[in-house]
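Reading through the structure tokens given below for one structure.
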Amino acid sequence: MLVSGVLIYGSHSVLLNLCKVDGKIPFNSASVVLMIELTKLLFSLTMRRLELGIRVGSGRLGLPSFKYWVPFSIPALLYCINNNIVVHIQLYMDPASFQVLSNLKIAATAVLYRMVMRRRLSWIQWLALGLLTIAGISNSYGGLMNAGTVDDYSSSSKVHVTMWGLVLVMTYCAISGASGVYTEFILKRQPQLSLHVQNILLYIFGAVLNLLVFLVSSWSSSDGTTDFFAGYTFVTWAIILTQAGNGLIISAVMKHASNITRLFIISCAMLVTTVASMVLFSLELNLYFCLSFVLVIVAMVLYHRK
């Protein structure tokens, strides 16, 4: 399961870049995220039926009272924001840089883990977080330097990061850390609830929120496009299926393991993204990126050291 999670997570930004048309994302991000939520919801409903041995057509799923629903609205909102942000980040940096910089969510997660889950960090773990921060600064500096020499980001083979991209990825990491810790908190706080039930509650909120985002963005779009499947290709459907699988894997990890395991998946995915970018986009790595890559690996080894 962990190997599948690494491969799926590492391919996400690569697949998003393969979708680009003339340097732009051709589809409405909310429509894709909504399809991902609906796919996960359908799977969870099916698994819940199998779990209870319910015949198809029966409406009884053993869902809890509404008071158990409310806590899931918060991570659903955070995931809604982040899953849409990650699509647009790809317009402002190369996929490998995104994967390296997204490791900064580990720092946000670690601090929140200390505050919410009451787990102490050793000095080695604090050292690892420091190295991770240096890695982010190094990659950002090298990417910003290259950004000034890139005329067309959509076809550039250089490592590049724009200032707006940096703002977006920092926002993404902060929200990701908060959503990850809070989701683990509520999943483990309600051990009596089946994982499939908890997923159903989370994905219902996620589907509703992304539907609202899609409707608002469609009505406010300059071209007035309301076609839900506009810009969809085979790669888009691959994103939907793989990210639905990724969400289900991550929820199982946070329910039965810990958020740290999730971060391990994210870190290992960096290698997958970098290799794929070199093969598919002829990405040229610079010294700053290589330094960041090594620092992230060292930081991961130190952070997860027993």
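To the nearest 10 square angstrom, how much accessible area does Phe214 have with a 1.4 angstrom probe?
20 Å²
If packing is taken as the mean number of other Cβ atoms within 10 Å per residue, what is the order of 44-50, 227-233, highest first?
Descending mean neighbour count gives 44-50, 227-233.
Which value at 222 nm does the chain reach when only helices count, each DSSP H run of 4 or more adding -39,500 (n - 2.57), with the total divided by all residues and rounded to the nearest 500 deg cm²/dmol?
Theoretical 222 nm ellipticity from helices: -24500 deg cm²/dmol.
So, in nm, how far is label Arg114 from label Val279 when the simple model puts each one 7 Å beyond its Cα toward the Cβ?
Placing both labels 7 Å beyond Cα along the Cβ direction yields 4.0 nm.
Between Leu7 and Leu215, what is the FRET efficiency for a Förster distance of 41 Å, r being their Cβ-Cβ separation, to the nearest 0.05?
0.75
Taking each full run of DSSP H in the chain as one helix, which ones are at least 18 Å long along their axis (Cα atoms) and have mean Kyte-Doolittle hydropathy of at least -1.0?
Going by DSSP H runs, the hits are 2-19, 29-52, 73-89, 123-147, 163-189, 195-220, 234-256, 259-281, 287-303.
Just reorder His196, His160 by solvent-accessible area, largest first, 1.4 Å probe, all chains present.
Sorted descending by solvent-accessible area, the residues read His196, His160.
Using only the Cα atoms, what convex hull volume per residue in Å³ does the chain have?
138 Å³
Determine how large the accessible area of Val167 is when every protein chain is in place; take a 1.4 Å probe and give Å² rounded to the nearest 10.
Number for this one is 70 Å².
How do Trp164, Trp219 rank by accessible surface area computed with a 1.4 Å probe, from largest to smallest?
Listed by decreasing accessible area, they come as Trp219, Trp164.
Give the peptides 245-251, 99-105 in descending order of average Cβ contacts within 10 Å, highest first.
Packing order, densest peptide first, comes out as 99-105, 245-251.
The values are calculated or read from the model by the stated rules, or taken from the named source; none is laboratory data. Quantities reported herein were computed from a predicted structural model and do not represent experimental measurements. Here the Cβ is made from the backbone with ideal geometry for all residues, glycine too, and neighbour counts use every protein chain on show. These accessible areas exclude ligands, DNA and RNA; they are computed on the full protein's heavy atoms, side chains included. Shrake-Rupley method; radii C 1.70, N 1.55, O 1.52, S 1.80 Å.
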